[in-house]
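The values are calculated or read from the model by the stated rules, or taken from the named source; none is laboratory data. Here the structure is a predicted model, which means the values were calculated and not measured. Cβ coordinates were reconstructed from backbone atoms using ideal geometry, including for glycine residues, and neighbour counts include every protein chain displayed. Remember, those area values only see protein heavy atoms, side chains included, never the ligands or the DNA or RNA. Shrake-Rupley method; radii C 1.70, N 1.55, O 1.52, S 1.80 Å.
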Amino acid sequence: MFEANMYDLVSTFVMGMVISGGLIIAIGSQNAFLLKTGLTNNHPFTAATICFLGDFLLIGAGVFGVGALVSVDSVLGILLSITGTIFLIWYGSVALRSAIRGTGTLVVEQSERSPSRLKTTVLMAMAMTFLNPHVYIDTVVLIGGVTASLSQNLKPWFVAGALIASATWFYSLVFVAKKLSNVLNKPRAWQIINTLIAFLMFLIAAKLLYTLIGVWT
């Protein structure tokens, strides 16, 4: 029983990392902004921290708000889980198509690398985090749907994995911006990233379907 529980905890933790990481990487405007703050040394720690705290609030709202309002065996819980599964399949398909086409890039123009004040950086970070409607759909609705199938003792592990992925990505973007910008503006790098995202999203979708089948049967 202990091994089974440990497996559930670790797999839930990894699922949180994968879903959060995949969603964060896809938000191009936010990533470009963080790269810019890192390249120009425009209060990079502040910018990354605001983005991270935004994820903390939104992911928490999804897992302990939307996800906690329904149970996995309820009609609404099943519908949310199905919606999350469909989204993951669609998201993985989009990533796979981008990988095949090799069109992904993340470029910060030279004209965008001028320094700015702390107030400007703070306002921009908050805008990139809270004024994008897709962020709410991805974090609150999608993550709420995905975690509706998790038991209460597993949800904190999902959040922990999601937040570690969030912190790792945000702070990496700003503190190793010069090296990352040289990599992330190459289509080949994004082919690899999108292929990996597609594979992991399909894998998690399959895991959710397996959970739903267990509930139905």
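Taking each residue of region 133-148 that is closer than 9 Å to Gly62 by Cα and of a type in the set (Val, Ile, Thr) and looking for partners that are at pLDDT below 70 and open to solvent by less than 30 Å² (accessible area, probe 1.4 Å) with beta-carbon atoms closer than 6 Å, six or more apart or interchain, yields Thr147/Gly67. Scanning region 166-181 for residues that are out of contact with any Asp or Glu (no Cβ under 9 Å at 6 or more places or on another chain) and within 21 Å of Phe87 (Cβ to Cβ) turns up just one, Trp169. Entry remark, region 159-193: residues being polar (S, T, N, Q) and farther than 16 Å from Asn31 by Cβ number 1 in total. Residues that are modelled with pLDDT of 85 or more and assigned to a helix (DSSP H, G or I) were ranked within region 38-49; the one that is surrounded by the fewest Cβ atoms within 10 Å (Cβ to Cβ) is Phe45.
When you scan region 115-131, do you find a residue that is assigned to a helix (DSSP H, G or I), modelled with pLDDT under 75 and crowded, with 18+ Cβ neighbours inside 10 Å, even just one? No, the conditions are met nowhere in region 115-131. On inspection, Leu154 qualifies as over 21 Å from Ile24 (Cβ atoms), modelled with pLDDT of 80 or more, surrounded by 13 or more Cβ atoms within 10 Å (Cβ to Cβ) and touching a helix residue (DSSP H, G or I) at 6+ places or on another chain (Cβ under 6 Å). Only one of the numbered conditions (1) at pLDDT 75 or above; (2) surrounded by fewer than 17 Cβ atoms within 10 Å (Cβ to Cβ); (3) among the small types (Gly, Ala, Ser); (4) closer than 23 Å to Gly16 by Cβ is violated by Ala189, and that is (4). Scanning region 166-179 for residues being touching a residue at least 12 places away in the same chain (Cβ under 8 Å), surrounded by fewer than 21 Cβ atoms within 10 Å (Cβ to Cβ) and more than 18 Å from the chain's Cα centre (by Cα) gives a total of 3.
Yes/no matrix, rows are residues, columns are (1) at pLDDT 65 or above; (2) surrounded by fewer than 16 Cβ atoms within 10 Å (Cβ to Cβ); (3) not small (Gly, Ala, Ser); (4) not in a helix (DSSP H, G or I):
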| position | (1), (2), (3), (4) |
| --- | --- |
| Thr85 | yes, no, yes, no |
| Leu88 | yes, no, yes, no |
| Ser98 | yes, no, no, no |
| Leu106 | no, no, yes, yes |
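When residues in region 1-34 are screened for being modelled with pLDDT of 80 or more and either more than 15 Å from the chain's Cα centre (by Cα) or of a type in the set (S, T, N, Q) (or both), 11 of them pass.
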